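The structure appears right after this line, and notes come after that.
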Amino acid sequence: MSEQMIFRAIADPTRRSIMSMLATGEHSLGEIASHYEMTRPAVTKHLKILEQGGLIRVRAEGRQRLHALQPEALQPVSDWLSFFSQFWDEKLETLKQAVEADDE
């Protein structure tokens with residue numbers, strides 16, 4: 001999956017909320033849709049974008065399709081954020097030094 005598709009998928013707060021729900025285990029479309037004030041087709045569109053981004057997998061169990069989080073697909077996001085954490089670390093170190101200098 002492309003990084004662009006992953007970032008597109010997580011850009012939407014509803015999709016991030018669905019991912020949080022799926023972090024607790026597999027859920028059917030009906031279970032997921034019951035948590036949102038939108039139509040089932042709208043929820044299906046969100047799920048399709050998450051699936052296209054490789055962030056969830058779907059498996060059939062009888063007549064149901066169960067959706068599950070694929071957390072390893074978030075690795076590119078983690079890598080990207082890790083790069084920028086160095087800037088936060090530097091700013092926090094500067095703040096710490098400033099606070100400690102004021103204490104002296």
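The values are calculated or read from the model by the stated rules, or taken from the named source; none is laboratory data. All values derive from a computational prediction rather than experimental measurement. We place every Cβ from the backbone using ideal geometry, glycine too, and count neighbours over all the protein chains shown. Only protein heavy atoms, including side chains, enter the accessible area calculation; ligands, DNA and RNA are left aside. Shrake-Rupley method; radii C 1.70, N 1.55, O 1.52, S 1.80 Å.
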Discussion item. Tell me the net charge near residue 35. Cut-off is 14 Å between Cβ atoms, residue 35 excluded, with +1 for each Lys or Arg and -1 for each Asp or Glu.
Written reply: +1
Response to the item:
residue 76 neighbourhood, Cβ < 13 Å, K/R = +1, D/E = -1, net charge -2
Response to the item:
For the chain, the percent of accessible surface on carbon and sulfur atoms (probe 1.4 angstrom, ligands and nucleic acids excluded) is 55 percent
Worksheet item: Residues of the chain: accessible area per residue at 1.4 Å, in Å²?
Response: 70 Å²
Worksheet item: [x] 1.21; [y] 0.94; [z] 1.16: which one is Rg/Rh (Cα atoms, Kirkwood Rh) as calculated from this entry?
Response: [x]
Practice prompt. Return the distance in nm (one decimal) between the two label points of a simple spin-label model at residue 68 and residue 35, each offset 7 Å from Cα along Cα→Cβ.
Written response: 1.7 nm
Worksheet item: Helix-derived [θ] at 222 nm for the chain: sum -39500 (n - 2.57) over DSSP H runs of at least 4, divide by residue count, nearest 500?
Response: -20000 deg cm²/dmol
Worksheet item: Where in the chain are the helices, taken as whole DSSP H runs, whose Cα atoms extend 24 angstrom or more along the long axis and whose Kyte-Doolittle mean reaches at least -1.0?
Response: 75-103
Worksheet item: Just 86, 70, 52 to compare: in a GNM of the chain, with alpha carbon springs under 10 Å, which one fluctuates most?
Response: 86
Practice prompt. Using a cut-off of under 18 Å, list every residue of the stretch 48-72 whose amide N is near the label point 7 Å from the Cα of residue 42 along the Cα-to-beta-carbon line.
Written response: 48-50
Practice prompt. Extending each Cα 7 Å along its Cβ direction at residue 82 and residue 60, get the distance between those two points in nm, one decimal.
Written response: 3.8 nm
Worksheet, complete the sentence: In nanometres, the difference between 0.36 nm per residue of separation and the alpha-carbon distance of residue 52 and residue 23 is 8.7 nm
